[in-house]
Structures are given as structure tokens and as C-alpha cells.
Amino acid sequence: MFENQKIRPAKVIGPLGEPLTLDNLPPPSTTRWVVRRKAEVVAAVNGGLLSVDEVCDRYGLTVEEFAGWQRAIDRSGMPGLRVTRIQHYRSLYERQQKY
């Protein structure tokens, strides 16, 4: 009976160190994804507040798009989420992998 129940935290620590709950995540109608909002959604998934499937359904994202956000944060932190700098961080990461 209990093995199918998922235990979720009421809040997790956000990317800027603030408590993050379901209520203060970006609204489902979000269309303009700034770095902070992307980082909040990734932190919610990493902390167990939401699953990847729930995030994709809630925000209309593809799994690949969300995985790209996670990968960018893992590689370069929040600056890696900047759309204008994607190519810079990608080439920097590829150069690091060579050595």
C-alpha cells in the first residue's frame, strides 16, 4: 500500500538560496523563459518537488528541452541557461572535454 505513495518535500532550495514551493514556481502560462525561471524549474525537479513529466506537462516543454536546461546548469551553472551565450558555453565545454 505505501510503496506506491511518493513522498515529496513541501519546499526545496531554489537556485538563489530561497525556499521554493509549488505556489511560487513560475505559472503554467509562462512563455518568456528567463534564466531565473528555468533555474527554478530545474531546482524543483532536482529537489523532488515535481517530476520531469509533470514539468513538461505543466509548462508545455519537451523532455529534450528540459534535459538541455539541466545539462546547461550542470556544465555552466545559471549563466549556461542564457540563450544568447549557448554557443559560447557549448564550445567551452567541448574544449574542456578534449583535455
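Please say if segment 10-74 is rounded, prolate or oblate, where rounded means a/c under 1.5 for a ≥ b ≥ c the square roots of the C-alpha gyration tensor eigenvalues, and otherwise the choice is prolate for a/b larger than b/c and oblate otherwise?
Numbers: a/c = 1.37, a/b = 1.23, b/c = 1.12.
Cα axes put segment 10-74 in the rounded bin.
Could the peptides 10-18, 70-78, 38-46 be put in order, highest first, of the mean number of other beta-carbon atoms found within 10 Å of their residues? Provide the component values of the computation, followed by the final result.
Values: 10-18: 13.8, 70-78: 16.0, 38-46: 21.3.
Packing proxy ranking, top to bottom: 38-46, 70-78, 10-18.
Enumerate the calculated ³J(HN,Hα) couplings along segment 60-66 in order (Karplus 6.51 cos²θ - 1.76 cosθ + 1.60, θ = phi - 60°), each rounded to whole Hz, writing x wherever the residue is Gly or Pro.
Each residue's phi maps through the Karplus curve to give x, 9, 8, 4, 5, 5, 5 Hz.
No value in this document is a laboratory result; all are computed from the given coordinates. Predicted, not measured: the structure shown is a model, and the values here were computed from it. Ideal geometry is used to build each Cβ from the backbone, glycine not excepted, and the neighbour counts take in all protein chains shown.
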